[in-house]
Each structure stands twice: as C-alpha cells, then as structure tokens.
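Student: Please see the structure below; I have some questions.
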Amino acid sequence: MDSPAVFFAAFLVGLTGGVHCFGMCGGIVSVLTLGLPPAPGHPFLARLPYLLAYNLGRILSYVAAGALAGGIGAWTAHLASMHHAQLGLQILAGLFMILLGLYLANWWSFLSRLEQAGGVLWRSIEPLGRRLLPIRTPLQALGAGLVWGWLPCGLVYSVLIWAVGTGGAWEGGLLLLSFGLGTLPALLAMGTVAATLADFVRRSAVRAVAGVLVILFGVYEVNLALKLL
C-alpha cells in the first residue's frame, strides 16, 4: 500500500491535527526552550537550530515506530495466507483512515483512549529526557526530541495502527515520516504565525474538508481490498 495518496493523507492528518499538537506538545516546546542560553539577534532565529533538532529527533522516533509497526504487519502477513493477510491489513489501514478522518472533522473523538494505553511505556522513557535538561546544545535538543517522540499521543498511535496495514517496514516508516512532516509547521511556528495557523486549522470548514478527504482515501483502500478478496 504505497500509493502517493496514502502518504498525502498521512501528511494531511498531521497538518490538520495541528490543534492537537498545539495542546499536547506546545507546552513541551516552551519548557524546553526556556532554559536555552541567551543569544544575540532575533529570538526565533536564535532558537531555530534547537527547534529543528527537537523536531528532527521527534520525527526520527515516529519513523522508527512506523517501521516497527509496518514490519509487524508484514511479519503477520507471512504467518497467514499472504494474499488474504495483506488484504486484511489493507482493510485495517483503510478503517483507521476513516476513523482519523472522523477525528479531523470533529465528528468523533476517540484518541484519548489510545493515549491512556501509552502511559506505561512513557513512564519508562520519560526519565531519559529529564537527564538532558537543561538544554544547552542542539545535540542535547536532538536527544530530547528522540525521547519526546514517544510521548503518549492518540493521534500518533492511530497512525501507527494504520502503519501496520502498509505491508512493510519501509512503507510504515514512510507513512510516519509523512505524518511527522505534516505536524512540523504547527510545532515550528511561533508567536503570530502559530496563532494564525492554529486559527486556520480550527475552522470547522477546513477540518471538515480535510476529514472528508482522509475518509475518502480510507473508503477507497477498503473498497479496493474488498474487490480483491
């Protein structure tokens, strides 16, 4: 399942899920950047290397998790009848695209339940991030970003379940890369730009259009798999 439309859908989920990112990760960005050493010049430009390092680490963690999820899906397919297992995984991926579309359009919110499931893993990983504080170098920021990428997030978990149906580690990694790049504008933007972007993605019409597009991609994937059964 390596259609460009699927990766575009993942990017769209990340982009329009920016409101969720502001609420979940905006505070983390603020805390991490508060301890940065003072630097001459424009505050945003001074912080940009650190922000890029945070987000590079975060997206690398997403890609690693996506590759793992895609690999698990491919391994599962090898255990069963290859043809039917792949189609079953494609149906699973399509169904999660539909669920994500419903979330983006504000028609059904189910992400908080998934976030609760990741709390146990996060309690084991979070102390690693605290050891890197206060952030003094971009390399430390990269390490903090790698830890941050495992923060319990229902939106990320939903895309990971979607990645299980992609058919392989490479495809799963690409799917999470597309999603991570979609979240990047919301988490890089600061000040007025961030407020403008947040206002834009909060508009019901924008969220509805994005949600419908993702739902249509999901319906297409499910319908294609059902025809091949």
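Student: I'm checking my understanding of the structure. Among residues of region 146-168 that are closer than 25 Å to residue 127 by Cα and at pLDDT 85 or above, which one is surrounded by the most Cβ atoms within 10 Å (Cβ to Cβ)?
Tutor: 160
Student: Which condition from (1) touching a Phe, Trp or Tyr at 6+ places or on another chain (Cβ under 7 Å); (2) at pLDDT below 85; (3) closer than 26 Å to residue 108 by Cβ is the one that residue 62 breaks?
Tutor: For residue 62, the exception is condition (2).
Student: How many residues does region 90-145 hold that are in a helix (DSSP H, G or I), of a type in the set (Val, Ile, Thr) and at pLDDT 70 or above?
Tutor: Residues in region 90-145 being in a helix (DSSP H, G or I), of a type in the set (Val, Ile, Thr) and at pLDDT 70 or above: 3 in total.
Student: Among the residues of region 169-178, is there at least one that is over 15 Å from residue 101 (Cβ atoms) and either at pLDDT below 80 or surrounded by fewer than 17 Cβ atoms within 10 Å (Cβ to Cβ) (or both)?
Tutor: Yes, some residue in region 169-178 is over 15 Å from residue 101 (Cβ atoms) and either at pLDDT below 80 or surrounded by fewer than 17 Cβ atoms within 10 Å (Cβ to Cβ) (or both).
Student: Could we say that residue 150 is touching a residue at least 24 places away in the same chain (Cβ under 8 Å) and not in a helix (DSSP H, G or I) here?
Tutor: Considered against the rule, which asks whether it is touching a residue at least 24 places away in the same chain (Cβ under 8 Å) and not in a helix (DSSP H, G or I), residue 150 comes out as yes.
The values are calculated or read from the model by the stated rules, or taken from the named source; none is laboratory data. The shown structure was predicted, so the numbers you read here are calculated from the model rather than taken from an experiment. Here Cβ is always computed from backbone atoms with ideal geometry, including for glycine, and neighbour counts include all displayed protein chains.
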